Amino acid sequence: PELVTNYLKAILKNEKDITNVIFNTQTLSKAIFPRLSAQLNIQPTNDIVKIVDENSFIKPMFAGNILSKVEYSPSHSGLKILTFRTGNFPLSESEQVTEINLNEQSNIASLPDSASISADTPFNKFVKVELPQDTGRPDLSQAKVIVTGGRGLKTKENFEKLITPLADSFANVAKYNNTKASIGATRAVVDLGFVNNSLQIGQTGKIVQPELYVACGVSGAIQHLAGMKGSKVVVGINKEEGQPLEQVSDYTLIGDVDTVLPELTAKV
Ligand SMILES: Cc1cc2nc3c(=O)[nH]c(=O)nc-3n(C[C@H](O)[C@H](O)[C@H](O)COP(=O)(O)OP(=O)(O)OC[C@H]3O[C@@H](n4cnc5c(N)ncnc54)[C@H](O)[C@@H]3O)c2cc1C
């Protein structure tokens, strides 16, 4: 993030005509934009879910419990730094994804030479990059299907034994492009060490908006809902009735994960 922040700063220093710096809401933008905004002394607007007009935006606050409207005053003529929750802006049928080559198609007069930008700051020293292991599954933020396990799975072994095969079984489903589902987790199971924290979904984890979200042994604490309630279809599997997850679920299956998940895996 320090490197990209310094790179963006170098571009903005040369290009006074740029009015908006935009990015999708994701871990990287959460790391870069506060740094960039603080260094440029600009108030960013993060996690926009709706554009009202070029100066007003709607964004969630307090773990998604309220939506707030942020308005730039009409006299604001400076730079805006904005991040968008991309799942709220689906492509229309007529739109196509176009790849652009920044070096050839940018209207930025001259991009700074990246080799000349350092990741060091007065407070940080760049040590090394460690990329997460390739899981062979779509990234959580892009996934069409997510299978999430919670404390109801009880042990790390049970999590792997029950959640992984169910997630894999979606490779048989044409509707979801014959792709394995991504695996998600609640903070409870991350804290218990069942999975790496890169899989955590929620207020302090990732925000996801898949077409199908299957939550197994998950109570639906407000901090978890903040990360997944934008999912199109939510299925909850829980042995108890009346769990908070039901408020956002389209389907609730009451049963023990130990028996329900193998049956479901076989059916998918
Ligand atoms: C500041 C803050 C930030 C947080 N951020 C996050 C976050 O980003 N993401 C997050 O997830 N949490 C977050 N939390 C934690 C959150 O409050 C909950 O503690 C957590 O989400 C609970 O996880 P869980 O649903 O797995 O566990 P529990 O709440 O313990 O729920 C377990 C569920 O499993 C069911 N169950 C038990 N056994 C079985 C069985 N055999 N078969 C079927 N069902 C069974 C139970 O009925 C229960 O509903 C945060 C908390 C705080 C204070």
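Within the set of pairs 6+ apart or on separate chains, which have a first residue in region 237-251 that is assigned to a helix (DSSP H, G or I), a second that is near the ligand (Cβ under 6 Å from one of its atoms) and among the aliphatic types (A, V, I, L, M), and C-beta atoms under 9 Å apart?
Pro244/Ala221; Leu245/Val218; Leu245/Ala221
Please enumerate the residues belonging to region 13-39 that are in a helix (DSSP H, G or I), within 25 Å of Lys125 (Cα to Cα), out of contact with any helix residue (DSSP H, G or I) (no Cβ under 7 Å at 6 or more places or on another chain) and of a type outside the set (D, E, K, R). Steps first, answer last, please.
Taking region 13-39 and keeping what is in a helix (DSSP H, G or I), we get 13-14, 27-39.
Add one more test, that the residue is within 25 Å of Lys125 (Cα to Cα), and what stays is 13, 27-39.
Those left that are additionally out of contact with any helix residue (DSSP H, G or I) (no Cβ under 7 Å at 6 or more places or on another chain): 13, 27-31, 33-34, 37-38.
Scanning region 13-39 gives Thr27, Leu28, Ser29, Ala31, Phe33, Pro34, Ser37, Ala38.
Among the residues of region 179-189, are any at pLDDT 90 or above, farther than 26 Å from Ile222 by Cβ and surrounded by fewer than 19 Cβ atoms within 10 Å (Cβ to Cβ)?
Looking for residues that are at pLDDT 90 or above, farther than 26 Å from Ile222 by Cβ and surrounded by fewer than 19 Cβ atoms within 10 Å (Cβ to Cβ), one finds at least one in region 179-189, hence yes.
Which members of region 235-252 meet the condition of being surrounded by fewer than 15 Cβ atoms within 10 Å (Cβ to Cβ) and closer than 18 Å to Val145 by Cβ?
Asp250, Tyr251
So which of Gly255, Gly202 ends up being surrounded by 15 or more Cβ atoms within 10 Å (Cβ to Cβ) and within 12 Å of the ligand (Cβ to nearest atom)?
That would be Gly202, the only listed residue that is surrounded by 15 or more Cβ atoms within 10 Å (Cβ to Cβ) and within 12 Å of the ligand (Cβ to nearest atom).
If we scan region 205-220, do we find a residue that is in contact with a strand residue (DSSP E or B) (Cβ under 6 Å, 6 or more places away or on another chain), within 9 Å of the ligand (Cβ to nearest atom) and without any contact (Cβ under 8 Å) to a residue 40 or more places away in the chain?
no
The values are calculated or read from the model by the stated rules, or taken from the named source; none is laboratory data. Note that the structure is predicted; figures quoted are calculated from it, not measured. Ideal geometry is used to build each Cβ from the backbone, glycine not excepted, and the neighbour counts take in all protein chains shown.
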